[in-house]
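Undergrad: For reference, the structure I am asking about is given below.
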Amino acid sequence: MAFVLPGLIYYKTGFLGPKGKRIFLFFRGFLGSTAMVLLYYAYQVMPLADATVITFTSPVFTSLLAWIFLKEKYSLWDLLFTLFAVTGVILIARPPFLFGSHVTGIEGSYSDHLKGTIAAIASTLSAASTIVILRKVGKSVHYFLSIWYYAVIGLIGCVIALFILNEWRLPHCGRDRVFLILIGLLGLGGQIFLTKALQIEKAGPVAIMRTMDVVFAFILQVLFLNHLPSWWTVGGALCVVASSSGTAIRKWRHSVKKAKQREI
């Protein structure tokens, strides 16, 4: 909120937005902040790489939700990419009814791993819903105002949740407090750079480059958390990256084709 507020004042966007768009902005803020909370929970109870890979099924679910709610085209290719994404999630979750009662390669208890998987999937669906809402709103609302709703509703929701859970306290360790500040700053930086990237480049190349998050998650997990991913996770990651990259490339080629037709 502190970083976005100057932008709102500079661009004179107001704090509420157009009357007809406020309900969409509210759900954008609610679903966006919910997605982030669920993702952080998934990071706590399951390996970093596993949670990151699952979140990259978002483009596939975005296409599915856009077909349902925005009546956008959904082809057999999109269905194939969806099946690839689901296969990737199954390889990471490794449910006992498919892989047997003794699931190998799980960090910690399988119960926590399953909870983390469910949280990551719910986070992905919330994030995909957010993107669909942003498409519905279009360019009629400044992107700073969209981030403002995300920040305000996220703050209110987290404060209420912390009081209910009786967790309203700072960590005892000073280093953890620094990490919390870094999470906020780096998260905001990610939002700003992603928004800027989408302003100067088409969504397809940006989405493809974002799949590098999976590579970085594997590298950082090994370097800093000393946890080697299992071959099941690697296989799941390949399925998810293939599906998300395929979805992004198809959308990119479709938009380029439409642009050329307009020029003709």
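The values are calculated or read from the model by the stated rules, or taken from the named source; none is laboratory data. Note that the coordinates shown come from a computational prediction; the quantities given were computed from them, not determined experimentally. Neighbour counts run over all protein chains shown; Cβ positions are idealised from the backbone, glycine included. The accessibility values were calculated without ligands, DNA or RNA, using every heavy atom of the protein model including side chains. Shrake-Rupley method; radii C 1.70, N 1.55, O 1.52, S 1.80 Å.
Undergrad: Do we find a residue being open to solvent by less than 70 Å² (accessible area, probe 1.4 Å) and charged (D, E, K, R) anywhere in the stretch 139-148? Break it down stepwise before answering.
TA: Taking the stretch 139-148 first, the residues open to solvent by less than 70 Å² (accessible area, probe 1.4 Å) are 140-142, 144-148.
Within this subset, residues satisfying the condition of being charged (D, E, K, R) are none.
For the stretch 139-148, residues open to solvent by less than 70 Å² (accessible area, probe 1.4 Å) and charged (D, E, K, R): absent.
Undergrad: Continuing with the same structure: Looking only at the stretch 53-73, decide whether some residue is crowded, with 20+ Cβ neighbours inside 10 Å and aromatic (Phe, Trp, Tyr).
TA: So far as the stretch 53-73 goes, yes, one or more of its residues are crowded, with 20+ Cβ neighbours inside 10 Å and aromatic (Phe, Trp, Tyr).
Undergrad: Looking at (1) open to solvent by less than 90 Å² (accessible area, probe 1.4 Å); (2) free of Cβ contacts under 8 Å to residues at least 12 places away in the same chain, which one does Ala122 not meet, given that it meets all the others?
TA: (2)
Undergrad: Also: So which helices (runs of 4 or more DSSP H) stay within the stretch 145-264 end to end and still have 1 or more residues that are under 30 Å from Phe15 (Cβ atoms) and modelled with pLDDT of 75 or more?
TA: 174-200
Undergrad: Give the number of residues within the stretch 1-20 that are under 24 Å from Ile183 (Cβ atoms) and surrounded by fewer than 17 Cβ atoms within 10 Å (Cβ to Cβ).
TA: So in the stretch 1-20, the residues under 24 Å from Ile183 (Cβ atoms) come out as 1-8.
Filter again for surrounded by fewer than 17 Cβ atoms within 10 Å (Cβ to Cβ), leaving 1-3, 5-7.
Residues flagged as under 24 Å from Ile183 (Cβ atoms) and surrounded by fewer than 17 Cβ atoms within 10 Å (Cβ to Cβ) within the stretch 1-20 amount to 6.
Undergrad: Filter the stretch 21-47 down to residues that are within 14 Å of His142 (Cα to Cα) and open to solvent by 60 Å² or more (accessible area, probe 1.4 Å) and give me whichever is nearest to the chain's Cα centre (by Cα).
TA: The selected residue is Phe24.
Undergrad: Give the residues of the stretch 184-195 that are open to solvent by 80 Å² or more (accessible area, probe 1.4 Å) and either in contact with a Cys (Cβ under 8 Å, 6 or more places away or on another chain) or of a type in the set (Val, Ile, Thr) (or both), sorted by residue number.
TA: Passing the criteria: only Ile192.
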